[in-house]
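Shown next, in structure tokens, is the structure this report addresses.
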Amino acid sequence: MNLMTFSRLRAALPGGTMIGIEPEAALEADAGFSSVCIDSRVCRAGALFVCLAGASHDGHQYAEAAFKAGAVAALVEKAKLSGGMSGLKAAARRYGAVLFAVDNTLRALQDAAKAYLERFPGLLKIGVTGSSGKTTVKEIAGAILSCEKKVVMNKGNLNSETGLPLSVFEVRAGDEVGVFEMGMNRAGEIRELSRVLNPHIALITNIGDAHIGMLGSLEAIAAEKKAVFSGFTGKETALIPASDAFRDFLAHGVNGKVVFYETACPAASLGLDGSELELDGERIRFPLPGTHNLKNALAAVAIAQETRAAVSSIKKGLESVKPLFGRSEIIRGRVTLVQDCYNANPSSTAAAIELCDSVAWGGRRMYVIGSMLELGAYSEAAHARIGRLLAGSQADFVCLFGAETRVIAEILEKSEKPAKKPFFFTENMAELIDAAARYVQEGDLALLKGSRGCALERLAAALTAGGE
């Protein structure tokens, strides 16, 4: 089954040129593509291969491999056809593939995804962005809405300038709701993604210091996230956290309905077992621990309420949620692990420490903190903030990993006795694993928190089985 015909694709690409076979023959045959990929290793028969030029790899180099794997067409950049990759035309002819030559293949991928979505006017499109919690909110909202409707979502955290368009091509006839996470790694990206998705409901989780190294200030981050509302025509709904410091800025000038969703409701902490909250008389046991996850749940509830989901569906969805890899995972054994190491920024690291501090615990606590990456000029100050928090925390022992955490080590070293916190600092993973495994004993609580580049999950096996 074709996702899109070549004629529709050509119409979606202003200025694009069709090369490789007689255009009239392709259009008359109503030929097209049945999947979209950007990695030749996962191309399959009938695919459209998008040649993206990255910092270290140029997808144009792999177009022939994609054709060999069964790709029937490729998006290529016009400049490449006359440069060092002029063999692209010959490769297309050899495999009977079509080239769509465009000025910019990333923009063409996004244009194609936008045109594809327009084939599903009945799909309720929901966009979720914010500094943290996006993936969790998307998954919770999906769990709730799936109780009543057929839902499509990004897989994992495919939320980027390429990930969102690829996710859009997963929409099929019969899907009623699309819940799409929208992330960013550069200024202007949220506006681009909003142009592709054109969400009917757009939610911002929070404005925090993730990506502050790229954008330079919280104000710039807020402006970037607010761009999720940029395509509103007056009929759409903006969901904004009521307690966020930027709530008024985010709401100002929005061309649509604005709802300030509440970030507090009757709730009781169940420690590492999550929270129990009350909604319209229903008592709901939500399994993800921590205040930050309770806020994520309430954001998803706001989406559900805007779609008029029944309270029974909200309850069923919330209670069915399972933690995603590296996000508030509780791994129980001889040592209880809080594995929250999929990513880290100052706000999420502080939240993880505060969660572990708040838990009533009979054993000792060890906090393993990895570097928070991509903070740019703000890195030293951000790590110093975490250092001060750790110095006053409930941790009995702190393990620090990565060059950026040296700032934390210096703060802990200078702490005055008797409150001076025992710690270990290293940039070597083998040393970290050895030190942490030697410290822990049965009944301890261990936190693993760091950026994805630290891959702190590598400690998990050693901590649950290790010790002397």
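Of T349, T426, T17, how do they rank once you tally other Cβ atoms within 10 Å and put the fewest first? Present the calculation step by step, with values, prior to reporting the outcome.
Details: T349 26, T426 17, T17 14.
If I rank by nearby Cβ atoms, fewest first, I get T17, T426, T349.
Place the peptides 56-69, 141-154, 243-256 in order of packing, highest mean first, counting for every residue the other Cβ atoms within 10 Å and averaging per peptide. Spell out each step's value before the answer.
Working: 56-69: 18.7, 141-154: 21.0, 243-256: 14.7.
So the order, starting with the most tightly packed, is 141-154, 56-69, 243-256.
Could you tell me whether the stretch 120-320 comes out rounded, prolate or oblate from its Cα gyration tensor? Rule is a ≥ b ≥ c as square roots of the eigenvalues, rounded for a/c under 1.5, then prolate if a/b exceeds b/c, otherwise oblate. Don't skip to the answer; put the middle values down first.
Values: a/c = 1.58, a/b = 1.20, b/c = 1.32.
Judged from the Cα gyration tensor, the stretch 120-320 comes out oblate (a/c at least 1.5, b/c at or above a/b).
What is the sum of charges around V338, taking Lys and Arg as +1, Asp and Glu as -1, for the other residues whose C-beta is under 9 Å from the C-beta of V338? Write out the running numbers ahead of the final one.
Values: positive: K449; negative: E329, D340.
With Lys, Arg at +1 and Asp, Glu at -1, the net is -1.
Per the Kirkwood definition applied to all pairs of different Cα atoms, how many angstroms is the hydrodynamic radius of the chain?
Details: mean 1/r = 0.0414 Å⁻¹.
By the Kirkwood definition, the hydrodynamic radius is 24.1 Å.
How many percent of DSSP beta bridges within the stretch 329-465 run antiparallel, rounded to 5?
Details: 3 of 21 bridges.
The answer is about 15 percent antiparallel.
Once you have a ≥ b ≥ c as the square roots of the Cα gyration tensor eigenvalues for the stretch 80-196, tell me rounded if a/c is under 1.5, and otherwise prolate or oblate according to whether a/b is larger than b/c. All intermediate terms of the calculation are to be shown ahead of the outcome.
Details: a/c = 2.82, a/b = 1.82, b/c = 1.55.
It comes out prolate by the Cα gyration axes.
Could you line up F49, F425, F286 from fewest to most neighbouring Cβ atoms inside 10 Å?
Numbers: F49 30, F425 20, F286 25.
With the fewest neighbours first, F49, F425, F286 line up as F425, F286, F49.
Taking the number of other C-beta atoms within 10 Å as the exposure measure, put E416, E192 in order starting with the fewest.
Working: E416 7, E192 20.
With the fewest neighbours first, E416, E192 line up as E416, E192.
Excluding N255 itself, calculate the net charge of residues whose Cβ lies under 13 Å from the Cβ of N255, where each Lys or Arg counts +1 and each Asp or Glu counts -1.
Neighbourhood net charge equals +2.
Quick one: compute the contact order of the stretch 127-172, relative version, from alpha carbon pairs under 8 angstrom and 6+ residues apart, as a percent. Walk me through the intermediate numbers first.
Working: 21 pairs, mean separation 11.9, N = 46.
Rounded, it is 26 percent for the stretch 127-172.
Kindly work out what percent of the DSSP beta bridges joining two residues of the chain are antiparallel, to the nearest 5. Provide the component values of the computation, followed by the final result.
Numbers: 17 of 66 bridges.
The antiparallel fraction comes to roughly 25 percent.
Counting pairs of alpha carbon atoms under 8 Å apart in space and at least six apart in sequence, what relative contact order in percent does the chain give? If you can, show how the numbers build up before the last one.
Working: 997 pairs, mean separation 49.3, N = 468.
The value is 11 percent.
Need one word for the stretch 317-468: rounded, prolate or oblate. Basis is the Cα gyration tensor (sqrt eigenvalues a ≥ b ≥ c); a/c below 1.5 gives rounded, then a/b vs b/c decides. Spell out each step's value before the answer.
Working: a/c = 1.41, a/b = 1.17, b/c = 1.21.
The shape class here is rounded.
No lab work stands behind these numbers, since they all come straight from the coordinates. In this text the structure is predicted, and so the values were computed from the model without any measurement. Cβ sites come from the backbone with ideal geometry, for glycine too, and all protein chains shown count toward neighbours.
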